[in-house]
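The values are calculated or read from the model by the stated rules, or taken from the named source; none is laboratory data. Keep in mind the model is a prediction, meaning the values are calculated, not measured. We place every Cβ from the backbone using ideal geometry, glycine too, and count neighbours over all the protein chains shown.
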Amino acid sequence: MKIYDKICELTQKQASYFCLLDPDKVSLKEAHQRASDCQKYGADGILVGGSLMLNNRFEENLKQIKESVDIPVIIFPGIFNFVSPYADALLLLSVISSRNPQMLIGEQVRAAPLIKHYNLEAIGTAYMLIESGNNTSVHFMSSSMPIPRTKSDIAVAHALAGEYLGMKILYLDAGSGAKYPVPDDMIKAIRQNISLPVILGGGIKTPEIARKKALAGADIIVTGDILEKKNDPHLIRDFADAIHSVKRS
Ligand code: 1GP
């Protein structure tokens with residue numbers, strides 16, 4: 001079964017929880033334990049990636065993560081140096097909130113031949129960056145202006161464009177370590193207008209906030225930064241339980 005189909009199946013029943021592991025922040029020694037904890041404590045999938053690549057551990061790290069779990073391991077590329085065969089799939093992001101051609105199509109053209117070479121499942125993803133109250137790495141690295149947090153109408157227009165362009169998933173991101181996550185009313189407005197699965201991340205600091213975002217209509221909630229800061233695997237369980245309590249049917 002394709003990972004995309006698994007995601008659709010999973011999110012039709014209840015909201016889902018993905019952990020983000022950034023190879024720049026996870027040492028090779030830690031990779032196995034961190035990934036196993038994600039699965040053991042209830043995550044439905046693992047995203048691997050970040051805005052930069054500060055060392056050459058990415059591929060080895062990804063391989064260890066993949067070998068440690070049965071849940072989907074999906075590359076979440078800040079830049080497309082992150083293409084590797086040691087994953088179940090890759091989110092082929094186009095930063096549709098940007099007007100920077102490199103992030104809209106340039107990076108994807110660089111990545112496409114390797115994706116083909118590795119026969120990797122690429123999931124076309126409409127990625128929208130939302131104002132977060134601080135300057136996150138992805139804001140800076142993508143040289144793009146985020147959508148203002150009070151402008152749900154602009155966000156809906158972008159989301160509709162992503163759906164009409166045939167993208168398969170929408171990723172709403174305030175950026176890793178965001179001061180404020182994507183607002184509930186923006187999520188609700190998008191949910192009322194599009195049918196694509198919605199992934200939401202950036203600045204989700206507590207299970208209660210995660211649950212609220214799922215209730216507002218996000219299908220998959222992602223946490224990265226808070227897990228690194230707290231370094232407590234039981235927090236994964238708390239996030240998973242809070243998110244899974246939001247049923248869809
Ligand atoms: C960042 O959406 C992810 O792109 C996760 O954000 O690291 O703030 O949880 P955090």
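With the condition being of a type in the set (K, R) and in contact with a strand residue (DSSP E or B) (Cβ under 6 Å, 6 or more places away or on another chain), I'd like the strands (runs of 3 or more DSSP E) fully within region 51-134 carrying at least 3 qualifying residues. Before you say what the answer is, go through the steps one by one.
On the way: elements: 73-75, 89-95, 121-129.
Counting at least 3 such residues, we get no strands (runs of 3 or more DSSP E) at all.
Within region 41-63, residues that are closer than 27 Å to D5 by Cβ sit with their Cβ atoms under 7 Å from residues that are away from the ligand (no atom under 16 Å from the Cβ) and modelled with pLDDT under 90, at 6+ positions apart or across chains, in these pairs: N61/L28. Check region 207-214 and report whether any residue there is within 9 Å of the ligand (Cβ to nearest atom), under 15 Å from F18 (Cβ atoms) and buried (at least 19 other Cβ atoms within 10 Å of the Cβ). Taking every residue of region 207-214 in turn, none turns out to be within 9 Å of the ligand (Cβ to nearest atom), under 15 Å from F18 (Cβ atoms) and buried (at least 19 other Cβ atoms within 10 Å of the Cβ). All conditions but one from (1) in contact with a helix residue (DSSP H, G or I) (Cβ under 8 Å, 6 or more places away or on another chain); (2) surrounded by 16 or more Cβ atoms within 10 Å (Cβ to Cβ) apply to S143; the one that does not is (2). Within region 215-227, residues that are farther than 11 Å from D173 by Cα have Cβ atoms under 6 Å from residues that are assigned to a strand (DSSP E or B) and of a type outside the set (V, I, T) in these pairs: A218/L200; I220/S16; I220/F18; G224/L20, counting only partners at least 6 apart in sequence or on another chain.
Determine whether P233 is touching a Phe, Trp or Tyr at 6+ places or on another chain (Cβ under 6 Å) and not β-branched (V, I, T). Spell out the reasoning first.
Numbers: touching a Phe, Trp or Tyr at 6+ places or on another chain (Cβ under 6 Å): yes; not β-branched (V, I, T): yes.
Yes, satisfied.
Among the residues of region 1-24, those that are closer than 22 Å to V83 by Cα and either among the β-branched types (V, I, T) or without any contact (Cβ under 8 Å) to a residue 40 or more places away in the chain (or both) comprise M1, I3, D5, I7, P23, D24.
Taking first residues from region 25-39 that are closer than 17 Å to M53 by Cβ and partners that are basic (K, R), the Cβ contacts under 9 Å between residues at least 6 apart in sequence or on separate chains come to V26/R34; V26/R57; S27/R57; L28/R57; A31/R57; A31/K63.
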